[in-house]
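S.K.: Once you've had a glance at the structure underneath, I'll fire off some questions.
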Ligand SMILES: [Zn+2]
Ligand SMILES: [Zn+2]
């Protein structure tokens, strides 16, 4: 039996959030993970394709369908359109959370891309993570409350 892989649920790679371990293993015995794309589709991805490092070997950062759309529509156009929509949604959601969450969360950037633009590390879309935390996220890193749980 291969050893149990490190729990990667909640980690974010591009458009993918890792949601659960797959039964499948690569030829080398590495785990596959089920990931959910921002569009809602799921994709099974081998551990070694989930990385933030820039490498020759291609990292997987979206579901197959989005990858196909990127190839035809162009990554920039699709990303721009979706990013605009995400910021509108985050603005609306956050308005409803006024007084519910700490005020400084509502001053964070709206999205991952927004945080990068501003040179910030955290953002708050007003959405719950897979474990149900309402919490800011770290760029590329996922939910802060999850990260804290893992450390404890
Ligand atoms: Zn997708
Ligand atoms: Zn969480």
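S.K.: Which ones in the stretch 65-90 are surrounded by 12 or more Cβ atoms within 10 Å (Cβ to Cβ) and either within 14 Å of ligand 1 (Cβ to nearest atom) or over 27 Å from residue 126 (Cβ atoms) (or both)?
M.R.: The answer is 65, 66, 67, 69, 70, 73, 75, 78, 79, 82, 86.
S.K.: Also: Please determine, by comparing only the residues of the stretch 101-130 that are without any contact (Cβ under 8 Å) to a residue 24 or more places away in the chain and not in a helix (DSSP H, G or I), which one is nearest to residue 10 (Cα to Cα).
M.R.: Step by step, filter the stretch 101-130, then rank; the result is 128.
S.K.: Yes or no: residue 40 loosely packed, with under 15 Cβ neighbours inside 10 Å, assigned to a loop (DSSP other than H, G, I, E, B), on the phi > 0 side of the Ramachandran plot and within 16 Å of ligand 1 (Cβ to nearest atom)?
M.R.: yes
S.K.: Another question, then. Hey, among the residues in the stretch 64-84 that are under 13 Å from residue 16 (Cβ atoms) and touching a residue at least 24 places away in the same chain (Cβ under 8 Å), which one's farthest from the chain's Cα centre (by Cα)?
M.R.: Residue satisfying both the conditions and the ranking: 65.
S.K.: Additional query: Just one of the numbered conditions (1) in a loop (DSSP other than H, G, I, E, B); (2) at negative phi; (3) modelled with pLDDT under 95 is not true of residue 48; which one?
M.R.: If we test residue 48 against (1) in a loop (DSSP other than H, G, I, E, B); (2) at negative phi; (3) modelled with pLDDT under 95, just (1) comes out false.
S.K.: Looking at the stretch 98-152, which of the residues that are near ligand 2 (Cβ under 10 Å from one of its atoms) and on the phi > 0 side of the Ramachandran plot is surrounded by the most Cβ atoms within 10 Å (Cβ to Cβ)?
M.R.: Per the criteria, the residue is 142.
S.K.: How do the pairs read when you match residues in the stretch 5-26 that are more than 30 Å from residue 83 (Cα to Cα) with residues anywhere that are surrounded by fewer than 14 Cβ atoms within 10 Å (Cβ to Cβ) and modelled with pLDDT under 95, using Cβ under 8 Å and keeping only pairs 6 or more apart or on different chains?
M.R.: If the second residue must be surrounded by fewer than 14 Cβ atoms within 10 Å (Cβ to Cβ) and modelled with pLDDT under 95, the pairs left are 25/2.
S.K.: List every residue pair whose Cβ atoms lie under 9 Å apart, where the two residues are 6 or more positions apart in sequence or sit on different chains, the first residue falls within the stretch 36-59 and is assigned by TED's automatic domain parsing to the domain that holds residue 142, and the second residue, located anywhere, is part of a loop (DSSP other than H, G, I, E, B) and at pLDDT below 90.
M.R.: none
S.K.: Given 93, 61, which one is under 19 Å from the mean Cα position of the chain (by Cα), surrounded by 11 or more Cβ atoms within 10 Å (Cβ to Cβ) and not in a helix (DSSP H, G or I)?
M.R.: 61
S.K.: Can you name every residue in the stretch 1-32 that is within 21 Å of residue 128 (Cα to Cα) and assigned to a strand (DSSP E or B)?
M.R.: 12, 13, 16, 17, 18, 19, 20, 21
The values are calculated or read from the model by the stated rules, or taken from the named source; none is laboratory data. Small disclaimer: the values here were computed from a predicted structure and weren't measured. Virtual Cβ from ideal backbone geometry, glycine too; neighbours counted across all protein chains shown.
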